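Here the structure comes first, spelled out in structure tokens, and everything after it is commentary.
FYI, it's all coordinate maths here, none of it is from the lab. Just so it is clear, the structure is predicted and the values come from calculations on it, not from any experiment. FYI the Cβ positions are ideal-geometry reconstructions off the backbone, even for glycines, and counts take in every protein chain you see.
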């Protein structure tokens, strides 16, 4: 029988990459980008519409940014920004440290820890591998 830790680690490594592959392979990407629209207008000679389209895209991106940051009032402090950036790597580092201590001291770690920790480690390493490809 395969241990659940191995299953969760492999799931963290493989499932996101497989999802990205399937999404890229079977779901067509949009060809209608703002850059393509503006380029088409510039080539077609209808340049009088470009300023209004650029203004409209600027307002759209500003609205999307405000919606994305709707829970942040003002500028977050550098401490909050740093804390958000360190949470995931710190979780992985602590999980690896506890695994290492468990192996060195021959401690049988409970599955309540090892299954989520294996999943976090697998997801983190999977993201690093996908970023390199």
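Here are the numbers for the structure shown:
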read-out: Condition check for residue 81: touching a helix residue (DSSP H, G or I) at 6+ places or on another chain (Cβ under 9 Å) and over 27 Å from residue 36 (Cβ atoms); value: no
read-out: Options 86, 98: the member that is surrounded by 11 or more Cβ atoms within 10 Å (Cβ to Cβ), touching a helix residue (DSSP H, G or I) at 6+ places or on another chain (Cβ under 8 Å) and at negative phi; value: 98
read-out: Test: residue in region 94-110 that is in a helix (DSSP H, G or I) and more than 30 Å from residue 9 (Cα to Cα); value: no
read-out: Scope region 60-83; condition surrounded by fewer than 10 Cβ atoms within 10 Å (Cβ to Cβ) and either more than 30 Å from residue 124 (Cα to Cα) or in contact (Cβ under 8 Å) with a residue 12 or more places away in the chain (or both); matching residues; value: 74
read-out: Filtered residues of region 5-45 (kept if assigned to a helix (DSSP H, G or I), loosely packed, with under 14 Cβ neighbours inside 10 Å and over 23 Å from the mean Cα position of the chain (by Cα)); value: 35, 36, 39, 40, 42, 43, 44
